[in-house]
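S.K.: Before I ask anything, here is the structure I am working with.
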Amino acid sequence: EEDSKVKTAEELFDIYLTSVGRGSNLLLNVPPDRRGKFHERDVENLKGYHALVKERLGHNYLKGARVRATPAYDKTQRPGYLTDEKRDTFWAASSAEAEIEVILAKPKELHYITLAEHISSGQRVKRFEVELYDGKRWSTVARGTTVGYKRILKISPMTAEKIRIRITEAKGPVVLSEISAS
């Protein structure tokens, strides 16, 4: 009787982007039916949602990419840690402003950029922007005010050779754990 309220896989994916993609928790709120089971329609939509997450965010074109960045806090903070897909490694800038450039192995069409702060060091980023280089010019594709645990930015699809992240304001030295693109 509440079938009209069941979220589609696409709606669930959008909720994921606006919750987890902004550093928050995702509460699916899928109750069991009168049989004590999840309704078949809910299960089907949840499977579809999972497939969308894997399809749209499951391949990181930046894994192992070459990274250049503003000076780090110390020599142990390698910019390459930003693309190693390990949440326990991180890069720490020497100041509250930073610029990071990631060079893709070959041009790729990008739809999403994900940034993550090393949250055990605190949430510090207050303002940032993301630019893509298409081989001829840089274009700003996103701006934001926080990163936190995870920030997923949905961008207009664009083929890029490089990505540049500019942290223009932070509460203290910038500490990021991951940058990815899909």
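The values are calculated or read from the model by the stated rules, or taken from the named source; none is laboratory data. It should be emphasised that the depicted structure is a prediction, and the values quoted were computed from it without experimental measurement. Positions of Cβ are generated from backbone atoms using ideal geometry, with glycine treated the same way; all protein chains shown enter the neighbour counts. Note: accessible area is taken over every heavy atom of the protein model, side chains too, but ligands, DNA and RNA are not part of it. Shrake-Rupley method; radii C 1.70, N 1.55, O 1.52, S 1.80 Å.
S.K.: How big is the Kirkwood radius of the chain, worked out from every pair of different alpha carbons and given in Å to one decimal?
M.R.: Mean inverse Cα-Cα distance, inverted, gives 17.5 Å.
S.K.: Still on this structure: Quick one: how many Å² of residue 137 are accessible to a 1.4 Å probe, rounded to 10?
M.R.: Accessible surface of residue 137 is approximately 150 Å².
S.K.: At 222 nm, what value in deg cm²/dmol follows for the chain if DSSP H runs of at least 4 each add -39500 (n - 2.57) and the sum is divided by all its residues, to the nearest 500?
M.R.: The per-residue figure over the chain is -5000 deg cm²/dmol.
S.K.: In this model, which of 63/171; 108/136; 7/47; 106/154 are farther than 19 Å apart at the alpha-carbon?
M.R.: Beyond 19 Å between Cα atoms: 63/171; 106/154.
S.K.: Percent of accessible area on the range 1-124 owned by carbon and sulfur, 1.4 Å probe?
M.R.: Accessible surface attributable to carbon and sulfur in the range 1-124 totals 50 percent.
S.K.: Starting from the 7 Å offset along Cα-to-Cβ, what nm value, one decimal, do you get for the label separation of residue 111 and residue 46?
M.R.: About 2.4 nm separates the two model spin labels.
S.K.: Full extension from residue 103 to residue 29: what is 0.36 nm times the residue separation minus their Cα-Cα distance, to one decimal in nm?
M.R.: Length gained, residue 103 through residue 29: 22.6 nm.
S.K.: Give the accessible surface of the range 1-75 per residue, rounded to a whole number of Å², with probe radius 1.4 Å and ligands, DNA and RNA excluded.
M.R.: Per-residue value: 76 Å².
S.K.: Could you work out how far helix 9-19 tilts from the main Cα principal axis of the chain, as a 0 to 90 degree angle to the nearest 10?
M.R.: So the inclination is approximately 40 degrees.
S.K.: With no solvent and one point on each alpha carbon, what is the Debye value of log10 I(q)/I(0) for the range 8-49 at q = 0.14, 0.19, 0.32 Å⁻¹?
M.R.: Taking Cα atoms of the range 8-49 as identical point scatterers yields -0.35, -0.59, -1.06.
S.K.: Around residue 69, under 15 Å between beta carbons, what's the net of Lys plus Arg minus Asp minus Glu among the other residues? Don't skip to the answer; put the middle values down first.
M.R.: On the way: positive: 66, 68, 75, 78, 162, 164, 166; negative: 74, 84, 97, 99, 101, 117, 131, 178.
Once all neighbours under 15 Å are counted, the net charge is -1.
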